[in-house]
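Peer 1: Here it is: the structure, laid out below.
The values are calculated or read from the model by the stated rules, or taken from the named source; none is laboratory data. Bear in mind the structure is a predicted one, so any value in this text is a computation, not a measurement. In this analysis, Cβ positions are derived from the backbone assuming ideal geometry, glycine residues included, and neighbour counts consider all displayed protein chains.
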Amino acid sequence: MVFKKKVIIDIIASFILVIRNFFFLIVFPYKRMRKISLEKDYWQVFFIFLLVFIYFKLAYSLRHVTYPAFFTFFVFLVNFFLMIGFFYGVGKFFNRKIKKTSLVFTFSYSLLPTLIWFFMTLFFYFILPPPRTFSLMGRMFSIFFITFSLTVLFWKLILFYLALRFSTGLSFFKIFYLISLFLLWYAPYSILLYYFKIFRVPFI
Amino acid sequence: MKSYSLKLKKQISEVFIIKPNDLGSQFLTYWFKKSTLFLKQFPFLYLIPLATLIAFLVYLFLGKKIVFITTFLQYGF
């Protein structure tokens with residue numbers, strides 16, 4: 001009984017930590033990502049993945065996309081661990097001390113901008129369904145939506161860079177090479193996913 | 001007192017988990033550190049104006065085609 005209570009308290013604490021970390025990634029991305037790279041509590045990763053699954057489930061039930069949520073979530077997991085495997089494997093050439101756990105935690109938290117963008121796009125899809133028109137309001141919304149998308153994209157790039165910086169310990173140029181190598185296979189792979197209508201915009 | 005010193009010790013060891021960034025030349029490293037300093041705390045203060053500027057420039061260059069980009073992105077989920 002005491003053991004069960006402890007587990008439940010741990011789970012609640014992890015959930016609160018996820019919310020706290022989300023907030024701090026907005027305000028202090030550098031400091032927070034450094035702290036996240038030292039995390040060992042896998043319940044936090046579970047909650048982030050749960051959010052991803054909730055998004056897929058929502059998208060499937062509201063928009064009736066081609067594939068069921070379980071399948072899309074499975075593809076997401078394959079993508080995620082392929083990406084981590086790539087950075088771990090290639091990063092080992094530059095630095096032998098890379099930790100897998102650190103990569104898992106930092107990349108899980110770098111999903112926050114992705115989640116915000118996809119949830120907001122889902123929301124806008126129902127508030128102002130596409131296609132957009134050439135009217136003044138249509139153009140104004142377009143500028144707003146592109147501003148929002150770019151802001152989230154820049155934030156994502158910062159978190160992605162910090163995730164690599166703190167989990168691999170490499171310098172700026174080496175991280176730049178790593179990302180370039182990653183894009184060499186990930187870009188065609190994303191086109192393939194687009195072709196099969198699994199992800200139109202890469203869920204990374 | 002002991003807990004404060006432990007906390008400080010933990011924070012210091014956290015700061016030094018990675019080596020400082022070195023871009024090969026002093027000039028580059030200096031400017032890299034200067035320019036990224038703003039992104040370490042509440043980056044949105046700079047990201048939102050930058051994104052707004054880019055969105056306006058895209059609108060100026062592409063005109064009405066911006067609507068197509070938005071439509072494509074809105075179908076993106």
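Peer 1: Could you list, in sequence order, the residues of segment A:9-65 that are within 25 Å of residue B:11 (Cβ to Cβ) and basic (Lys, Arg)?
Peer 2: Passing the criteria: A:20, A:31, A:32, A:34, A:35, A:40.
Peer 1: Name every residue in segment A:56-73 that is of a type in the set (Lys, Arg) and at pLDDT 90 or above, in order of residue number. Show your work before the answer.
Peer 2: First, pick out the residues of segment A:56-73 that are of a type in the set (Lys, Arg): A:57, A:63.
A:57 - this is the single residue of segment A:56-73 that is of a type in the set (Lys, Arg) and at pLDDT 90 or above.
Peer 1: So for segment A:45-68 (the condition being under 16 Å from the mean Cα position of the chain (by Cα), under 19 Å from residue A:164 (Cα atoms) and surrounded by 13 or more Cβ atoms within 10 Å (Cβ to Cβ)), does at least one residue qualify? Explain how you work it out, then say what you get.
Peer 2: Taking segment A:45-68 as the starting set, the residues that turn out to be under 16 Å from the mean Cα position of the chain (by Cα) are A:45-56.
From what is left, the residues that are under 19 Å from residue A:164 (Cα atoms) are A:45, A:48.
So of that shortlist, the ones also surrounded by 13 or more Cβ atoms within 10 Å (Cβ to Cβ) come out as A:45, A:48.
Looking for residues that are under 16 Å from the mean Cα position of the chain (by Cα), under 19 Å from residue A:164 (Cα atoms) and surrounded by 13 or more Cβ atoms within 10 Å (Cβ to Cβ), one finds at least one in segment A:45-68, hence yes.
Peer 1: Pull up segment B:8-37, narrow it to residues that are in contact with a Gly (Cβ under 9 Å, 6 or more places away or on another chain) and within 21 Å of residue A:25 (Cα to Cα), then point me to the one that is nearest to the other protein chains (Cβ to nearest Cβ).
Peer 2: Applying the first criterion (in contact with a Gly (Cβ under 9 Å, 6 or more places away or on another chain)) to segment B:8-37 yields B:17-19.
Narrowing further to those that are within 21 Å of residue A:25 (Cα to Cα): B:17-18.
Details: B:17: 7, B:18: 5 Å.
Top of the filtered list is B:18.
Peer 1: If you don't mind, there's one more thing I want to ask. Tally time: how many residues in segment B:2-24 are exposed (fewer than 10 other Cβ atoms within 10 Å of the Cβ) and over 21 Å from residue A:98 (Cβ atoms)?
Peer 2: Matching residues across segment B:2-24 total 5.
Peer 1: Being facing chain A (nearest Cβ under 10 Å) and either surrounded by fewer than 12 Cβ atoms within 10 Å (Cβ to Cβ) or more than 18 Å from the chain's Cα centre (by Cα) (or both) is the requirement here; does residue B:40 meet it?
Peer 2: no
Residues checked against (1) surrounded by 15 or more Cβ atoms within 10 Å (Cβ to Cβ); (2) without any contact (Cβ under 8 Å) to a residue 24 or more places away in the chain; (3) assigned to a helix (DSSP H, G or I); (4) acidic (Asp, Glu):
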{"residue": "A:80", "(1), (2), (3), (4)": "yes, no, yes, no"}
{"residue": "A:83", "(1), (2), (3), (4)": "yes, no, yes, no"}
{"residue": "A:98", "(1), (2), (3), (4)": "yes, no, no, no"}
{"residue": "A:103", "(1), (2), (3), (4)": "yes, no, yes, no"}
{"residue": "A:108", "(1), (2), (3), (4)": "yes, no, yes, no"}
{"residue": "A:113", "(1), (2), (3), (4)": "yes, no, yes, no"}
{"residue": "A:116", "(1), (2), (3), (4)": "yes, no, yes, no"}
{"residue": "A:142", "(1), (2), (3), (4)": "yes, yes, yes, no"}
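Peer 1: Moving on. Which condition breaks for residue B:51 when tested against (1) surrounded by 14 or more Cβ atoms within 10 Å (Cβ to Cβ); (2) of a type in the set (Gly, Ala, Ser); (3) more than 7 Å from chain A (Cβ to nearest Cβ)?
Peer 2: That leaves (3) as the condition not met.
Peer 1: Right, another one. Of the residues A:183, A:178, A:164, A:193, which is surrounded by 21 or more Cβ atoms within 10 Å (Cβ to Cβ) and in a helix (DSSP H, G or I)?
Peer 2: Step by step, each of A:183, A:178, A:164, A:193 is checked, and only A:164 is surrounded by 21 or more Cβ atoms within 10 Å (Cβ to Cβ) and in a helix (DSSP H, G or I).
Peer 1: Mind checking which pairs have a first residue in segment A:180-204 that is closer than 19 Å to residue A:111 by Cα and a second that is modelled with pLDDT under 90 and part of a loop (DSSP other than H, G, I, E, B), Cβ under 6 Å, 6 or more apart or different chains?
Peer 2: A:190/A:202; A:193/A:199; A:200/B:76; A:201/B:76
Peer 1: Looking at segment A:138-164, which of its residues are facing chain B (nearest Cβ under 7 Å) and under 24 Å from residue A:36 (Cβ atoms)?
Peer 2: If the condition is that a residue be facing chain B (nearest Cβ under 7 Å) and under 24 Å from residue A:36 (Cβ atoms), then A:151, A:154, A:155, A:158 are the ones that fit.
Peer 1: Would a scan of segment B:25-34 turn up a residue that is at pLDDT 85 or above, assigned to a loop (DSSP other than H, G, I, E, B) and farther than 19 Å from residue A:139 by Cβ? Outline the logic, then answer.
Peer 2: In the first step, residues of segment B:25-34 are kept if they are at pLDDT 85 or above; the result is B:25-34.
Pick out the ones that are also assigned to a loop (DSSP other than H, G, I, E, B) and you get B:25.
Among the residues that remain, those that are also farther than 19 Å from residue A:139 by Cβ are: B:25.
So far as segment B:25-34 goes, yes, one or more of its residues are at pLDDT 85 or above, assigned to a loop (DSSP other than H, G, I, E, B) and farther than 19 Å from residue A:139 by Cβ.
Peer 1: Search segment B:57-66 for residues being farther than 23 Å from residue A:202 by Cβ and at the interface with chain A (Cβ under 7 Å from one of its Cβ atoms), and hand back the single one that is surrounded by the fewest Cβ atoms within 10 Å (Cβ to Cβ). Show your work before the answer.
Peer 2: Step one: filter segment B:57-66 for residues farther than 23 Å from residue A:202 by Cβ, giving B:57, B:59-61, B:63-64.
When the remaining residues are screened for being at the interface with chain A (Cβ under 7 Å from one of its Cβ atoms), the result is B:59, B:64.
Numbers: B:59: 19, B:64: 13.
The extreme case among them is B:64.
Peer 1: Could you check segment A:122-136 and list, in sequence order, the residues that are within 11 Å of chain B (Cβ to nearest Cβ), without any contact (Cβ under 8 Å) to a residue 12 or more places away in the chain and of a type outside the set (Lys, Arg)?
Peer 2: First, the residues of segment A:122-136 that are within 11 Å of chain B (Cβ to nearest Cβ): A:122-135.
Within this subset, residues satisfying the condition of being without any contact (Cβ under 8 Å) to a residue 12 or more places away in the chain are A:123, A:127, A:129-135.
If the condition is that a residue be within 11 Å of chain B (Cβ to nearest Cβ), without any contact (Cβ under 8 Å) to a residue 12 or more places away in the chain and of a type outside the set (Lys, Arg), then A:123, A:127, A:129, A:130, A:131, A:133, A:134, A:135 are the ones that fit.
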